Every structure is written in C-alpha cells, then in structure tokens.
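A quick write-up on the structure given underneath.
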Amino acid sequence: MSTTSERHAPGHHDRPPIRISVTVNDDRVILSEHQLSGAQIKAAAVKQGADLQIGFQLSVKRGHRFHVVDDDEVITVHEHDEFVAVAADDNS
C-alpha cells in the first residue's frame, strides 16, 4: 500500500519573505507585498507605529508630485517609496 504525500511548487518555500522598505510621514515602514491598497498601506504603517490615523488621506510620491491613493485603490509598491498621510481636512 502506498501513501501520497503533499507536493509543493519547486522553490516555493525557499524564497525569503518580501520586505519592502518605504516611508510614511517620514517613518520607516516595512511592507510584505508588492500590490497593496491604500487602506492596507495605512494599516501596516499604524501597526508599525507611524504617526498617522487610518482615516487620513494617503498619497505616494511619483517623480516630483504626490498622487492620492484611495483606500480601495491597489498600487504597486517599490523599495524606498515615499508616502504622506494627512487628515482629510488638512489643506497644507
């Protein structure tokens, strides 16, 4: 009698975990995915002690400009991306 064993994709368990270092309001935040929503980025930042609240508006720096990232918008995150999160009524 033979038994079947569970098979995994080759190399699946050999990959190191993803660690993407970004800043949110000048606080270093480590993200573990390349594709994240604005809400997920803010939640990770709050969990890691960054100075913001979940209800803040998130923006990411692309070139010389900041672009708003909605809570439900999924973006590709890159090493050293710079994010700013401000209160929705902050006009600075």
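The values are calculated or read from the model by the stated rules, or taken from the named source; none is laboratory data. Computed from a predicted model, the values in this text were never measured in an experiment. Methodologically, a virtual Cβ is constructed for each residue, glycine included, from the backbone with ideal geometry; neighbour enumeration extends over all protein chains shown.
A few comments on the model shown:
- Candidates ARG7, ARG65 - the one that is modelled with pLDDT of 95 or more and basic (Lys, Arg): ARG65
- Elements of type strands (runs of 3 or more DSSP E) contained in region 11-92, each with 3 or more residues being on the phi < 0 side of the Ramachandran plot and loosely packed, with under 14 Cβ neighbours inside 10 Å: 65-69
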